[in-house]
Amino acid sequence: MQRPLFIRKDAQTLRVPPHFADYERDRRAFSWAAAARALEGLPGGGLNIAHEAVDRHAAGPLAARIALRFVGGGQPPVDLSYAELARLTSRFANGLARLGLRRGERLFILAGRIPETPVAMLGALKAGVVVSPLFAAFGPDPIATRVNLGEGRVLLTTESLYRRKLADWRTRMPGLRQVLVVAEPPAAPSAGPARVAPAIAAEHGVVDYGELMAASAEDFAVERTSVRDPALLHFTSGTTGAPKGAIHCHGAAVAHHATGLYALDLHDEDRYWCTADPGWVTGTAYGILAPLLHGVRSLVDRDEFDAARWYALLEAERISVWYTAPTAIRLLMRAGSQALAGRRFPALRFVASVGEPLNPEAVWWGEQALGLPIHDNWWQTETGGIMIANTPAFEIRPGSMGRPLPGVEAAVVERLAQTHRNGSQRVRIIEAPGVDGELALRVGWPSMFRGYLNDEARYRRCFADGWYLSGDIVRRDADGWYWFVGRGDDVIKAAGHLIGPFEVESALMEHPAVTEAAAIGVPDPVSGEAIKAFVCLKLGTVADEALREDILAHARRRLGPAVAPRAIAFADTLPRTRSGKIMRRLLRARELGLPEGDLSALETAA
Ligand code: ATP
Ligand code: MG
């Protein structure tokens, strides 16, 4: 079927005037100083994320509004208003003081998508404590590695996670002083308030979260943090190597707020749902912080992906702005229209996606299944917030990650072999459109990371001539849209061509039998590297030689013989990080019989 190249702006149901309406004008008018004035600041000076996200709303007309609604987990829904969130986070901040945790020290959170996670995160931020959220699905090894690297002093978890992943490993985390344990809800409501089981509570350094909260006051004077004080420690997904700890400051709130306007088009009356787990930077920055900074109501789903349930939630919760990921979208596509079960989403106004490239098929699928195209956007743990996005201000070019947001200056650059006299990296800006190069961002946006944990040298290597170098290879078209080619580590060099796996994978996914694909380079005596692709098939498809030939022929037609894969392997699943990213490095290592390297971020680590 012939697909349109653009999805025009007026094809979207923009029922409210978008915040971002005129790309050139709004970018010219933008300054980070003005964006910072949209926040309140602390009385007497300073900026604290939790004050902006919670306390200032709790002290105003939004006090009674639902800030967060938690569903799933076999529990009735739990709603927290801004006023309740303010009280609970203050209690928690006082509780941390009782435990002796001081400003600048680190709290780790390993508790999943339960109400205590944002309460602890925001409470710690009030106290100037630095927060590091982890995926609850991590196993004991990745947990201990990160807690030790990040010098975690207190860790918040749940009773069952404590039993399964911490109790026997405490001695491997010698710097951890206390573990705060959230009791599991009692089996019967008549059993009274939940308490941590006595056997666990008696262990050394274990503190019952409920008891600590009950014993702590609900008035707390927020620490006078500044924009440069550290607030969050996020580990990268570990897609290309061992995960790195990126440090972010309270000033990041300015970017979370501004990008909430420009990339997610958040409006006061929105009902928002970000499907990411807080263990991944997206789940914290856009699952907790950005919507709260805007005073909107947002949904947190405690359960794992289920196509039919997700559609039901979108409909029943009347979600208007939805932020999800390509993996989830591909799973919805795979589930077919039965899962949709005739549901309709009249409230839905804006859908966005992040984490991996979004293939054009998925953008068009959105139009058809949800009634809206999907707006892909790009950022990474290091940038702390969305940098390049498809927005309401211009038409979508399916397959493109969009254009730089207001306040973001992007360029395509080439690293030069010749360095500056002091040995630092030099870059050349590639002005010509359509040329592959590394995506660079001009230093100066407020959510930029301020360091890699214990790796100053690596941090310094990320910068050259006033630019942050992202490590991703992109192409900019003549009109200024950016197109993802691949990660620097994943691009394939075959017969003199530089081939991005995304291009190959997108073409493969257009084959009617294919739902997912990953392309890697394998050594080839003639062309240097040849492409091998791993593909997952639609449920019920027979994986035979005829199908393999058909997919290969389709790929050759679409890509030409130089870029088409040489070999195709059928796979049931692809190896992924917890945040859902395909680990091509692992496929490559397995293919070549190399050591598999750091696997702590692998999904099966659960
Ligand atoms: P690691 O740095 O440990 O290898 P990671 O880069 O996957 O892991 P994240 O910071 O979670 O860790 O992911 C950011 C990366 O994800 C980006 O650098 C980019 O490669 C990819 N990415 C994010 N959004 C998009 C997008 N819209 N299109 C293409 N790629 C994207
Ligand atoms: Mg990365």
(request) Grab the DSSP H runs of the chain that are 4 residues or longer, score each as -39,500 (n - 2.57), total them, divide by all residues and round the 222 nm result to the nearest 500 deg cm²/dmol. (result) -7000 deg cm²/dmol
(request) Tally the DSSP beta bridges in the stretch 457-602 and give the antiparallel ones as a percent, rounded to 5. (result) 85 percent
(request) With 5 Å bins from zero, work out the P(r) of the stretch 211-357 over every alpha carbon pair and list the percent per bin. (result) 2, 8, 15, 18, 18, 16, 10, 7, 4, 2, 0
(request) Add +1 for every Lys or Arg and -1 for every Asp or Glu among the other residues with Cβ under 10 Å from the Cβ of Val182, and state the total. (result) -4
(message) If you filter the stretch 205-271 for GluC sites (Glu not before Pro), then keep DSSP loop positions with at most 13 other Cβ within 10 Å, what is left?
(response) Glu269
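Hey, fewest Cβ within 10 Å first, where do His234, His554 land in order? Before the final figure, lay out the partial values.
On the way: His234 27, His554 18.
So the ranking, lowest neighbour count to highest, is His554, His234.
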(message) Based on alpha-carbon centroids, what's the gap between the stretch 455-506 and the stretch 209-250 in Å, whole number please?
(response) 30 Å
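In the stretch 492-574, what percentage of the DSSP-assigned beta bridges are antiparallel, given to the nearest 5? It would help to have the intermediate numbers written out before the result.
Working: 13 of 17 bridges.
Counting only bridges with both partners in the stretch 492-574, antiparallel ones make up about 75 percent.
Remind me, relative contact order of the stretch 492-574 in percent, using alpha carbon pairs under 8 angstrom and six or more residues apart? Mind dumping the intermediate values first?
Working: 148 pairs, mean separation 27.3, N = 83.
Rounded, it is 33 percent for the stretch 492-574.
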(request) With a cut-off of at most 12 other beta carbons within 10 Å, and DSSP calling the residue loop, which trypsin sites (Lys or Arg not before Pro) in the stretch 499-606 qualify? Please list them. (result) none
(message) Give me the one-decimal nm value for the distance between modelled label points at Arg15 and Ala567, 7 Å along each residue's Cα-to-Cβ direction.
(response) 5.3 nm
(request) Just report the Cα centroid separation between the stretch 538-574 and the stretch 282-339, whole Å. (result) 31 Å
(message) Averaged across orientations, what area in nm² does the convex hull of the alpha carbons in the chain project?
(response) 28.4 nm²
(message) Can you tell me what share of the DSSP beta bridges in the chain is antiparallel? A percent to the nearest 5 is fine.
(response) 55 percent
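Once you have the Kirkwood Rh of the stretch 492-574 from its Cα pairs, apply Stokes-Einstein at 10 °C and 1.306 mPa s and quote D in µm²/s.
Roughly 126 µm²/s, to the nearest whole number.
Relative contact order of the chain, please, whole-number percent, based on alpha carbon pairs below 8 angstrom and at least 6 residues apart. Working shown, then result.
Numbers: 1292 pairs, mean separation 80.5, N = 606.
Computed value for the chain: 13 percent relative contact order.
Please give the net charge around Glu596, taking every other residue with its beta carbon less than 13 angstrom from that of Glu596, where Lys and Arg add +1 and Asp and Glu add -1. Write down the numbers at each step before the final one.
Values: positive: Arg584, Arg585, Arg588, Arg590; negative: Glu591, Asp598.
Summing Lys/Arg as +1 and Asp/Glu as -1 gives +2.
So which GluC sites (Glu not before Pro) in the stretch 37-96 pass both tests, a DSSP loop state and at most 16 other Cβ atoms within 10 Å of the Cβ?
Numbers: sites: Glu40, Glu52, Glu84; in loops: Glu40.
Those that pass, being in a loop and sparsely packed, are Glu40.
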(request) Holding the Cα-Cα limit at 25 Å, pick out from Lys126/Lys165; Lys244/Lys532; Lys493/Lys581; Lys244/Lys493 the pairs that are longer than that. (result) Lys126/Lys165; Lys244/Lys532; Lys244/Lys493
(request) Please give the net charge around Met213, taking every other residue with its beta carbon less than 11 angstrom from that of Met213, where Lys and Arg add +1 and Asp and Glu add -1. (result) -1
(request) Would you work out the relative contact order for the stretch 351-469, in percent, from Cα pairs under 8 angstrom that are 6 or more residues apart? (result) 19 percent
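Here, each number is a calculation from the coordinates, and none is a lab measurement. Keep in mind that this is a model prediction, so the values were computed, not measured. Neighbour counts are summed over all protein chains in view; Cβ atoms, including those assigned to glycine, are modelled from backbone coordinates with ideal geometry.
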